[in-house]
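Worksheet: the structure to be examined is printed underneath.
The values are calculated or read from the model by the stated rules, or taken from the named source; none is laboratory data. Remember, it's a predicted structure, so these values are computed and weren't measured experimentally. Backbone-built Cβ (ideal geometry, glycine too); neighbour counts: all protein chains shown.
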Amino acid sequence: MSDDDAACRACRGQMRAHWDERPHARLMVVASTPVVEAFGGGVETRYLCLECGHTLMHSTGRFGQGWH
């Protein structure tokens, strides 16, 4: 983790990536949970960056789909 807790360049790019973009090489899966929604579900996956220590989420459901 960096001294100033700033997200690394790869994480900043990942947060702006299209919803179907693959995670960058230094992201490690921490947890993956199925999400039940009224009209279908999805999976919410939490990643930890091994470079800067930031946590990123990826959702595949109808609502909240993408990187955040």
Residue match in the stretch 14-23 (condition: at positive phi and among the small types (Gly, Ala, Ser))
no
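Residue by residue, here is whether (1) modelled with pLDDT of 90 or more; (2) touching a Cys at 6+ places or on another chain (Cβ under 9 Å) holds:
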position: PRO23; (1), (2): yes, no
position: MET28; (1), (2): yes, yes
position: ALA31; (1), (2): yes, no
position: VAL35; (1), (2): no, no
position: GLY41; (1), (2): no, no
position: CYS49; (1), (2): yes, yes
position: CYS52; (1), (2): yes, yes
position: MET57; (1), (2): yes, no
position: GLY64; (1), (2): no, no
Take the conditions small (Gly, Ala, Ser) and at pLDDT 95 or above and apply them to ALA10. Does it pass?
yes
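Out of the residues in the stretch 30-61 meeting the condition of being of a type outside the set (Gly, Ala, Ser) and assigned to a loop (DSSP other than H, G, I, E, B), tell me which one is surrounded by the fewest Cβ atoms within 10 Å (Cβ to Cβ). If you could, list the steps in order and put the result at the bottom.
Taking the stretch 30-61 and keeping what is of a type outside the set (Gly, Ala, Ser), we get 30, 33-37, 39, 43-52, 54-58, 60.
Then drop every residue that is not assigned to a loop (DSSP other than H, G, I, E, B), which leaves 39, 50-52, 54, 60.
Numbers: PHE39: 7, LEU50: 12, GLU51: 16, CYS52: 18, HIS54: 20, THR60: 17.
In this case the residue turns out to be PHE39.
Could you tell me which of the residues MET57, MET15 is touching a strand residue (DSSP E or B) at 6+ places or on another chain (Cβ under 8 Å), of a type in the set (A, V, I, L, M) and free of Cβ contacts under 8 Å to residues at least 40 places away in the same chain?
MET57 is the lone residue from the list that is touching a strand residue (DSSP E or B) at 6+ places or on another chain (Cβ under 8 Å), of a type in the set (A, V, I, L, M) and free of Cβ contacts under 8 Å to residues at least 40 places away in the same chain.
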Conditions (1) in a loop (DSSP other than H, G, I, E, B); (2) closer than 14 Å to GLN65 by Cβ; number of the one not met by ALA25:
(2)
In the stretch 25-54, anything touching a residue at least 24 places away in the same chain (Cβ under 8 Å) and either touching a Pro at 6+ places or on another chain (Cβ under 8 Å) or on the phi < 0 side of the Ramachandran plot (or both) is listed as ARG26, LEU27, VAL30, VAL35, GLU37, TYR47, CYS49, LEU50, GLU51, CYS52, HIS54
